[in-house]
Each structure stands twice: as C-alpha cells, then as structure tokens.
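Every number here is computed from the coordinates shown, using simple stated rules; none is lab data. This one's a predicted model, so the numbers in the text were calculated from it and none came from an experiment. Here the Cβ is made from the backbone with ideal geometry for all residues, glycine too, and neighbour counts use every protein chain on show.
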Amino acid sequence: MGIGEAAAALVRQRTGLVFSEARRSAFEAALVRATHRAKTRAPEVYLARLDAEPALLDDLVAEITVGETYFFREPQQFAVIRNQVIPALFSHRPRDHPLRVWSAGCATGEEPYTLAIVLREQGLEGAAHIVATDLSRVALAQAHRARYTRWSLRGVPDDVVRTYFEPVDDRFALAPALRDAVEFRYLNLAEDTYPSLPTGIWGMDLILCRNVLIYFDVETVARVARRLMDSLSDDGWLLLGASDPALSDLVPCDVVVTGAGLAYRRPGRGAVQPSAPVVVTPPFALREQPSPPPVVPPAGEPARVVVAAAPSDDPEDAARAYAERDYERAAGVAGRLVRRDGSDPLLWIVLVRALANRGDLDGAGRACAAALDRHRTSAELTYLHAVLLAEAGQYADAATAARRALYLDRGLVVAHLALGGALARLGEMDGARRAFRNAERLLAAMPPEALLPASDGEPAGRLAEMARVQMRLLSEAAA
Ligand SMILES: C[S@@+](CC[C@H](N)C(=O)[O-])C[C@H]1O[C@@H](n2cnc3c(N)ncnc32)[C@H](O)[C@@H]1O
C-alpha cells in the first residue's frame, strides 16, 4: 500500500471521510502540504506520526474537508424550522423551556448563526441553546471570529445583512449577541463520544446535519445516523441536506415529509435502536442562566460592535461572565481572585468549569487539583474531578472520584451519572446500570422542572430522559 493510500485509510478509519477517484489527487496534494508543515521528510515517519498525534490528523483533515457553506443555505428548510418545527416543539412545552439545538458539521459557522437569526426573529433568542460542532479546528476558529465575506452572505437580503452585521474593513461582523448565542465545540462525528453530557450533545430538540454525511462511507453514515437519532429528545427533529443520503433504510426513524424535503424523528419510545454504550459524565457547565438581552438593533439600523469590558475583580462578574458563556473572561476573573484568596469554593468551581469549557482541560485539571487541596469536602469539586478524569480517559480514577463525590453527597444526581458513564467505559455494566438506576430513582422523586445542583441548568425531567437513554443503550449493548 502506498503512503497516499495508507494515509487515506487512516483518515477514513478515524473520521469516516472517503475520497472518490475524482478527489484523490486533491487528497494527495493536501498530504504533501501537510507533510511539509509537519517538517517530516520521510513519508513513513509522517504516517506513523499521523497515527499517534491527534494534532497532525487535525491539520490534515483541515486541508481536506470541504467547508463550503453560507448563510440561509437551503432557505426552505429554515422556513420549515420557523413554521413547522418550532411551533411543534412549543406545542407541548412552556415558552421559557430552552430549546436545545445542534448544528453538526457547522464548518465556519454560517449555519448555526443562521439558526440564531431565525430564533431571534421568532423572539426566542433567550430560549435556545445552540451548540455547533465540527472536526476542523481551523473552521471552528473562523466560526468563533464571526466575520464573513460577502460571498458567505450571497442570497441574503440587504436588510437582513444591515440588521445583523456591521461592515468592518472588507468583512461583515456578526452582531455580538448573535455571535454569543452559539457555543462552538470540536466533535468528530465518527467517534462514539456522543450522545453524552460532557460533549453537550444529548436530548436535542433540533439537529441540523447538512452536507456532512455525503462525505462518509455507508457504514459511517449508518453509525452516525444512529447516534444522531440517539441524540434527539423524545420529540426532536433531525434535518439533513438535500444531497445527503436518506436515513429511513439505515436506522429506525419516523420520516416526516416537509415543504423542504424529508425530516427525521425518533421512532416511538421502546422501538429498537441498536447502538453501543456511550460515556456519560456530568456537564461542566454551571446552571444555565437566561442569555443577556440582545444588542441586535431593530431593522434598518446598523449593528454595533461592543468593545470588550476592562478586567474586573468582582466575584459576581466571574459567575456572570460564565453564565453568558464568556469563558475567557470568567476564567480570567476567577483565576485572579482565587490566586489572591482561595477560600471560596464557588470561585474555584467557576474557574475549573470555565477552563474546561474553553477547551483547556489540562488547566482545568490543575485548577481542580489546587481547589481540592483547599476544599477536600466539596462534593461538586470532587465530581468535577471525576468528569475531568473521564475526559482524559482515566475511567477507573473517574469512577473512584465519582464514588467519593457520592460519599460526600449521596443525592448528587450528576455524580451518579458520572459513575455510570465511567463504569460503562470500564465494561462494568452491572455497576453502570445501578448508578443510572440510582440517578433515575432520585430524579423520579423530583418535579420534572426542578433544577439540580451542577446540572447545566437542565431540569430533572431532561436528566431523567438522559438516564433512560443510557439504560436503553446499555441493555441493547448487552442483547
Ligand atoms: C460542506 S460543510 C457543511 C457545512 C454546513 N453544515 C452546511 O450545510 O452549510 C461539511 C463540514 O463537515 C465537517 N466534517 C467532515 N467530517 C466530519 C466528522 N467526522 N466530524 C465532524 N465534522 C465533520 C467538515 O469539517 C466540514 O466543515
């Protein structure tokens, strides 16, 4: 097997991406450039490093993935979201129950930001949590910047551009309130890390996975489709792109014919949906707060770009920045304050979570260790330690830490979920089932809308749904 073929096979195995003959020469050229950037002359050495170093694989993937996207792509689908999906979702829930929305394979962010605009136009900006994920860190970094060329806005009416964007040099900067409405995360759809609480991917009311499956081989499409279905809430919707493969032959699902093609929904509860067990550990995020009021101006007025505020040393500011998902600022303020006086465990918790949420897991681990030195009996810090250990793949230690958190607070539901997730990863299925059952039992005694400590603002009902999904996945894996 030549080096090109071996590299293509490795990329396919890790990401599900396949390269047709037509794209083969583009792949070979990308490989040469990536090898050059890695400063490795011998192709065999590059291949070995590609296998061992996730950063090198990311770099190659960034070269070869097709990130073509633009605002309001396939506009009829956004009309269906506005006129059919959102009303259906709100027909059973209070208006203030946040929607969970996921743009899977978001590229440079145009798709999730379009969702943010649509939700804002429906008056739902504070009532939705939009997560957007991609495999390409380069694309995610651009998405974060939220500055676009005219080309990304092709087909978007001028008044919409004027309302939500500010011209800056030769770009269009998205209004900060919309930019902040989307949380970007790295996620490889071909891996079995989701649905799970640490990825933030579970119980989704709406998933857009458009123009992504088209690049996968058929086995990967089926695996990813199952996980997408498992990531939906009971009444959630999945929309694919017009060119993506149909899912009805690949996974159990209900198909809905909409004015913009097919949509998919989870089949009725109890239907067989084969899937492997997943890691379940509790979320990093603090209790969700309503988003701050938008600074998007009314139609016709240009958007303002808000300048970042000066550093603050107010503890409340750290919690506020965290609630606004400004993890950079939250980590900065909390970090300064705990260095000065580390006696408040809540500040440590903000620091650990903010560092973890901005992707600095090493920093979060160090902060958590320092925090536990000061606050040995904090159940929440101990459970965060369990989450961080699980993230690092140290499942046995994660289980020990989760058990310790439960020793400190038997009623900490998220620690039961952390324990179940770690034990499932260790293959200790009976223990995992017991842990999930304990979580279910505690949750059953609470009103569905009750907010729990350290639950990312998810009410008891949603966490119960999560525990049920995990129990089902465990039984299916055992069958
Ligand atoms: C053509 S873009 C689609 C963008 C957007 N969804 C749209 O329809 O406009 C495809 C995106 O899928 C991402 N992608 C490809 N393989 C992936 C994988 N295994 N996991 C996550 N994202 C992946 C690529 O990085 C790229 O950004």
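Odds and ends about this structure:
- Compactness of segment 5-111 - radius of gyration and Dmax, Cα, Å: 20.0, 61
- Across segment 424-438, rounded Karplus estimates of 3J(HN,Hα) from the backbone phi angles (6.51 cos²θ - 1.76 cosθ + 1.60, θ = phi - 60°) give 4, 5, 7, x, 8, 5, 5, x, 4, 4, 4, 5, 5, 5, 4 Hz, Gly and Pro being marked x.
- The chain, dipole about Cα centre (Lys/Arg Cβ +1, Asp/Glu Cβ -1), debye to the nearest 20: 500
- The chain, relative contact order [Cα under 8 Å, separation at least 6], %: 12
- Rg and Dmax [Cα atoms of segment 3-64; Å; Rg one decimal, Dmax integer]: 10.4, 28
- Residues TRP151, TRP102, sorted so that the one with the fewest Cβ neighbours within 10 Å comes first: TRP151, TRP102
- Solution diffusion estimate, µm²/s, Stokes-Einstein, segment 355-479, Kirkwood Rh from C-alpha pairs, 20 °C, viscosity 1.002 mPa s: 146
- Extension gain, ALA479 back to SER91 (0.36 nm per residue minus Cα-Cα distance, nm): 136.1 nm
- Label-point gap, in nm, between ASP51 and ALA9 - each point 7 angstrom along Cα→Cβ: 1.0
- Taking every C-alpha pair closer than 8 Å and separated by at least 6 residues, the mean separation divided by the residue count of segment 3-64 gives a relative contact order of 37 percent.
- Neighbour count of at most 11 Cβ within 10 Å plus DSSP loop: longest trypsin sites (Lys or Arg not before Pro)-free window in the chain: 155-268
- A simple rule links phi to the HN-Hα coupling: the Karplus curve 6.51 cos²θ - 1.76 cosθ + 1.60 with θ = phi - 60°, which for segment 439-452 gives 4, 4, 4, 4, 5, 5, 8, 10, x, x, 8, 5, 8, 10 Hz, with x for Gly and Pro.
- Computed from phi, the 3J(HN,Hα) profile of segment 25-40 under the Karplus parametrisation 6.51, -1.76, 1.60 (θ = phi - 60°) reads 5, 5, 5, 4, 5, 5, 5, 4, 5, 5, 4, 5, 4, 6, 6, 10 Hz, with x in place of Gly and Pro.
- All-pairs Cα distance distribution in segment 151-267, expressed in whole percent, bin size 5 Å: 2, 10, 17, 19, 15, 13, 13, 8, 3, 0
- Centre separation in Å (Cα based) which lies between segment 382-419 and segment 1-56: 38
- Where a label projected 7 Å from the Cα of GLN122 along Cα→Cβ would reach, residues of segment 188-214 with amide N under 12 Å: 205-207
- Taking 1.306 mPa s as the viscosity and 10 °C as the temperature, the Stokes-Einstein diffusion coefficient of the chain based on its alpha-carbon Kirkwood radius rounds to 68 µm²/s.
- Distance in nm between pseudo-label sites at ARG336 and ASP397 (7 Å out along the Cβ direction from Cα): 3.2
- With neighbours defined as other Cβ atoms within 10 Å of a residue's Cβ, the residues TYR194, TYR186, TYR383 order from fewest to most as TYR186, TYR194, TYR383.
- Computed FRET value (nearest 0.05) for ARG171 with ASP360, which takes r as the C-beta separation and R₀ as 30 Å: 0.60
- For ARG100, nonlocal amide neighbours, meaning residues 5 or more places apart or on other chains whose placed amide H falls under 5 Å from its own, are HIS129, ASP205, LEU206.
- Span from the segment 129-190 Cα centroid across to the segment 348-373 one, whole angstrom: 28
- The magnitude of the dipole of segment 315-478, with charges of +1 and -1 set on the Cβ of Lys/Arg and Asp/Glu and taken from the Cα centre, is near 340 debye.
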